[in-house]
1. Would you point out which residue out of Glu290, Glu278 is of a type in the set (Asp, Glu), over 30 Å from Ala99 (Cβ atoms) and in the same structural domain as His192 (by the TED database)?
2. So which of Ala67, Ala47, Ala63 ends up being more than 18 Å from Leu163 (Cα to Cα), more than 22 Å from the chain's Cα centre (by Cα) and in contact (Cβ under 8 Å) with a residue 40 or more places away in the chain?
3. Going through region 1-50 one residue at a time, which ones are under 20 Å from Ala128 (Cα atoms) and of a type in the set (S, T, N, Q)?
4. Identify the single condition in (1) more than 22 Å from Val148 (Cα to Cα); (2) surrounded by fewer than 22 Cβ atoms within 10 Å (Cβ to Cβ) that Ala63 does not satisfy, given that it satisfies every other one.
5. Ile95 - would you say it is farther than 18 Å from Asn243 by Cα and either touching a helix residue (DSSP H, G or I) at 6+ places or on another chain (Cβ under 8 Å) or assigned by the TED database to the domain that holds Arg223 (or both)?
6. For region 180-230, what are the residues that are part of a loop (DSSP other than H, G, I, E, B) and aliphatic (A, V, I, L, M)?
7. If I filter region 6-22 for residues that are in a helix (DSSP H, G or I) and either surrounded by fewer than 22 Cβ atoms within 10 Å (Cβ to Cβ) or over 20 Å from the mean Cα position of the chain (by Cα) (or both), do I get at least one hit?
Amino acid sequence: MQNHSIKKITIIGVGLIGGSFGQGIKKRLPNIHIMGFGSSKTKLSRAVELNIIDEFSLDIATAIEHADLIFIAVPMGAFETIFSKIKPYLKPGAIITDAGSSKESVIQAAKNVFGQEFSQFIPSHPIAGKEKSGVEAADGDLYINHKVIITPTKFNSVTDISLVKNLWQTLGAEVIEMEASYHDEVLAATSHLPHLLAFGLVDLLTDNKNLGDVFQYTAGGFRDFTRIASSDPTMWRDIATYNSESLAKWLKSYQIELNKMITMVENKQGEELYSLFERARDSRNQLIKESDDNGK
C-alpha cells in the first residue's frame, strides 16, 4: 500500500502528538480523510475547528470503519485496552502504528491481543513534543527535522514498514529503524531520565518548607532545567512504569554519579569538580554542534 492509496486515517487520542500528526497530514496530504476518536466530545469538536481532523466519533467501530491506517497516541497504560477495542472492527490489511514512548511493552500488548505473529502493527515513536499537552498545543509542523524511531518486528512486511516510514517523512521527520529493546534503553537515558530529574527537583523544592516561597527566586537556569516538569503527569507515570527496567537502571547510574559529586563538594575538590564540569560542557557542545550540522 502506498501513501497515495490511503484514503482514511483514524487517530485514537487527538492531543498534542495525535493532533500534530493529523494536522500535518491534512496540511500535506489533503485528500486523506482524518477521523478522530476519543472520550471527550468537546475536545474532539475543538480538533475539527482547528482543522486537525475532518470528523470524529465516540464509537470505536464507527471511528475505524474503512480506516487504512490507525494512529494510536494514548498513554502507555491504555494501549492494550485500545488494541482490544479495535480488534473486532479492523479492516483487512489495515495498518496500525503508534507514538508510544516504550516499545517493548507496546509490542507485548499487541501480541497479547492480536497474537504472536500479528504483522499489521508497525511500532513507531516520534522524538518530538512540547511541555504543553492537549489538542490546543497541536502543531502540524511539530515533526519537521525531528527523529521518528520505528521498531519493526520480524512479522512486519517491507511494504507496510515503508508505508509508515513514508508518512513520517511526509511530515518532515527523519526516520530511523532500531530494535525495540535498544530504543527503550536509549530513550530511558536521553528522555525519560531527564524528565524524572526535572519532576524530582520541582517536587523537592515544593516540599522544602525551610526555603519558604523559593520559586520567587528562580532564574533562567531553573526554568530551563525544569521546563519539562510541566509535561503531562499521566503520560509520564505510564512511561516510568512501562519502561521501568531501563529507567531504574539509569536512575541508579545517575545516583552513583550524584554520590561522586556529593563527595567532591563535601571535600571541596575543586580540580575534580572542574574536570567534571569541563567534560560535561565539551560533550554537550559537541552534541549541539553535531545536531546543528545534521539539521543543515
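The values are calculated or read from the model by the stated rules, or taken from the named source; none is laboratory data. Computed from a predicted structure; not experimentally measured. Backbone-built Cβ (ideal geometry, glycine too); neighbour counts: all protein chains shown.
1. So the residue among Glu290, Glu278 that is of a type in the set (Asp, Glu), over 30 Å from Ala99 (Cβ atoms) and in the same structural domain as His192 (by the TED database) is Glu278.
2. Ala63
3. Ser20, Gln23, listed by residue number.
4. (2)
5. yes
6. Ala219
7. no
Every residue, every condition in (1) part of a helix (DSSP H, G or I); (2) exposed (fewer than 11 other Cβ atoms within 10 Å of the Cβ); (3) free of Cβ contacts under 8 Å to residues at least 12 places away in the same chain, yes or no:
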site	(1), (2), (3)
Lys268	no, yes, yes
Glu271	yes, yes, yes
Tyr274	yes, no, yes
Asp292	yes, yes, yes
